[in-house]
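Let me begin by presenting the structure, written as structure tokens, before commenting on it.
The values are calculated or read from the model by the stated rules, or taken from the named source; none is laboratory data. These figures come from a predicted structure and were not determined experimentally. All Cβ positions, glycine included, derive from the backbone under ideal geometry; neighbour counts span all protein chains shown. To get the accessible areas, we keep the full protein, side chains included, count just its heavy atoms, and leave off ligands, DNA and RNA. Shrake-Rupley method; radii C 1.70, N 1.55, O 1.52, S 1.80 Å.
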Amino acid sequence: QVQLVESGGGLVQAGGLLRLSCAASGSIFSINSMGWYRQGPGNQRDLVASITSGGSTSYADSVKGRFTISRDNAKNTVYLQMTSLKPEDTAVYYCNAHTNLRHYWGQGTQVTVSS
């Protein structure tokens, strides 16, 4: 089992920045990759960024150049640094951990970007 706890969401003006954190605990050794997804009102949950255990990263086209995913292995924590935020970035952001058997999800953190 893997437990994920997110923090760092909030309300920010367009053009601002936020950093989300996701602390993982439990069977950390089983995690192949971690990522951030988001779900806006009436939308499906979409991948925003991911990072593998080897450090390879990938991003949705909509956030490339604005968001950066990183990890601190000593703290078992993954971060999502978000800059140049836009109103369309407004969503609940979920941390995800992928193992060979299943995906694990955090509880979600709300990010609201005002225009």
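Determine which single condition Gly65 fails, assuming it passes every other condition in (1) within 25 Å of Arg102 (Cβ to Cβ); (2) without any contact (Cβ under 8 Å) to a residue 60 or more places away in the chain; (3) small (Gly, Ala, Ser).
Status for Gly65: all satisfied but (1).
Give me the residue from region 63-89 that is in contact with a Lys or Arg (Cβ under 9 Å, 6 or more places away or on another chain) and open to solvent by 20 Å² or more (accessible area, probe 1.4 Å) and, out of that set, farthest from Tyr37 (Cα to Cα).
Ser84
One line per residue, one yes/no per condition, for (1) at pLDDT below 95; (2) more than 16 Å from the chain's Cα centre (by Cα); (3) of a type in the set (Gly, Ala, Ser):
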{"residue": "Leu18", "(1), (2), (3)": "no, no, no"}
{"residue": "Gly26", "(1), (2), (3)": "yes, yes, yes"}
{"residue": "Tyr37", "(1), (2), (3)": "no, no, no"}
{"residue": "Pro41", "(1), (2), (3)": "yes, yes, no"}
{"residue": "Arg45", "(1), (2), (3)": "no, no, no"}
{"residue": "Ala49", "(1), (2), (3)": "no, no, yes"}
{"residue": "Thr57", "(1), (2), (3)": "no, no, no"}
{"residue": "Asp61", "(1), (2), (3)": "no, no, no"}
{"residue": "Ala74", "(1), (2), (3)": "yes, yes, yes"}
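Can you give me the number of residues within region 97-115 that are among the hydrophobic types (A, V, I, L, M, F, W, C) and open to solvent by less than 50 Å² (accessible area, probe 1.4 Å)?
Start the filter on region 97-115 by keeping residues that are among the hydrophobic types (A, V, I, L, M, F, W, C), which leaves 97, 101, 105, 111, 113.
After this cut, where a residue has to be open to solvent by less than 50 Å² (accessible area, probe 1.4 Å) as well, the list is 97, 111, 113.
Number satisfying all stated conditions: 3.
Any residue at all in region 28-36 that's under 27 Å from Ser114 (Cα atoms) and either open to solvent by less than 70 Å² (accessible area, probe 1.4 Å) or of a type in the set (Lys, Arg) (or both)? Can you show your working first?
Narrowing region 28-36 to residues under 27 Å from Ser114 (Cα atoms): 35-36.
Retained after the next criterion (residues that are either open to solvent by less than 70 Å² (accessible area, probe 1.4 Å) or of a type in the set (Lys, Arg) (or both)): 35-36.
Yes: one or more hits.
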